[in-house]
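> Here it is, the structure in full.
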Amino acid sequence: MLQGASTPQAEYDVCWPEEVSMSDASPPAVPTVVALVLCDQVIDDRLSNKKSAIGIFNTVVVPRVPTTISQFYVLASLTEFTGRTELELRLVRDADNQVLFSGQGAVEAPDPLAIVDLVFAMQGLQVTDGGQHAFELLTGGTLLSRRRFQVVQRPPSGPATWPGGEKGEV
């Protein structure tokens, strides 16, 4: 203890309910997202139930904008919920928060300790501008997670210039 310092004394009023009821009227638990990954491919091993994200990326290099991104995957892992939960996956352009894509569906978890892996195959996704974009995962309008990535237009010739000064062949 520091010389001259004193320990602060505080009094707290704690009121514990006599009985906690988990009725059907209580709102369902909001899932916790433990991973939201963009990648070139997801390998799903049916024997072990393991998922492998191949070619994880943060930047998409395109020849021009607007453009169509032919194929990639979004891998999401959720936990801490039970029963059926409605989800929405959407692509948002950060510059103006415009939703470029939105898909909805439901997922079920047998118990709150389960990890539920979701694989979204994106094919023919339209991107109107370069710059920062994000995939958002929501439930009931509540944002669960957000994964940003850059869309960079390739220069007319030569290697692409990546954000942060890195260079890569396209």
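> Can you give me the number of residues within the range 124-153 that are under 18 Å from the mean Cα position of the chain (by Cα) and closer than 13 Å to Leu91 by Cβ? Write out each step before concluding.
Pass one, the range 124-153, residues under 18 Å from the mean Cα position of the chain (by Cα): 125, 132-151.
Within this subset, residues satisfying the condition of being closer than 13 Å to Leu91 by Cβ are 125, 132-138, 146-149, 151.
Residues meeting the conditions: 13.
> Would you point out which residue out of Gly83, Gly55 is small (Gly, Ala, Ser) and touching a Cys at 6+ places or on another chain (Cβ under 6 Å)? Explain how you work it out, then say what you get.
Numbers: Gly83 fails: touching a Cys at 6+ places or on another chain (Cβ under 6 Å).
That would be Gly55, the only listed residue that is small (Gly, Ala, Ser) and touching a Cys at 6+ places or on another chain (Cβ under 6 Å).
> What is the number of the single condition among (1) at pLDDT 95 or above; (2) of a type in the set (Lys, Arg); (3) surrounded by fewer than 13 Cβ atoms within 10 Å (Cβ to Cβ) that Lys167 does not meet?
So Lys167 meets the others, but not (1).
> Separate question: As an exercise: evaluate Leu47 against (1) in a loop (DSSP other than H, G, I, E, B); (2) touching a residue at least 12 places away in the same chain (Cβ under 8 Å) and give the number of the one condition it does not meet.
Unmet condition: (2).
> Now a separate question. Can Leu113 be described as aliphatic (A, V, I, L, M) and surrounded by 10 or more Cβ atoms within 10 Å (Cβ to Cβ)?
On the way: aliphatic (A, V, I, L, M): yes; surrounded by 10 or more Cβ atoms within 10 Å (Cβ to Cβ): no.
No, not satisfied.
> If I go through the range 50-88 residue by residue, how many of them are surrounded by fewer than 17 Cβ atoms within 10 Å (Cβ to Cβ), touching a residue at least 40 places away in the same chain (Cβ under 8 Å) and over 20 Å from Asp111 (Cα atoms)?
Within the range 50-88, residues that are surrounded by fewer than 17 Cβ atoms within 10 Å (Cβ to Cβ), touching a residue at least 40 places away in the same chain (Cβ under 8 Å) and over 20 Å from Asp111 (Cα atoms) number 11.
> On to the next question. Give Leu125, Leu144, Leu100, Leu91 a once-over and let me know the one that is more than 22 Å from Val61 (Cβ to Cβ) and touching a residue at least 12 places away in the same chain (Cβ under 8 Å).
Among Leu125, Leu144, Leu100, Leu91, only Leu144 is more than 22 Å from Val61 (Cβ to Cβ) and touching a residue at least 12 places away in the same chain (Cβ under 8 Å).
The values are calculated or read from the model by the stated rules, or taken from the named source; none is laboratory data. What you see is a predicted model; the values in this text were computed from it and never measured. As a convention, Cβ positions derive from the backbone with ideal geometry for all residues, glycine included, and neighbour counts pool all protein chains shown.
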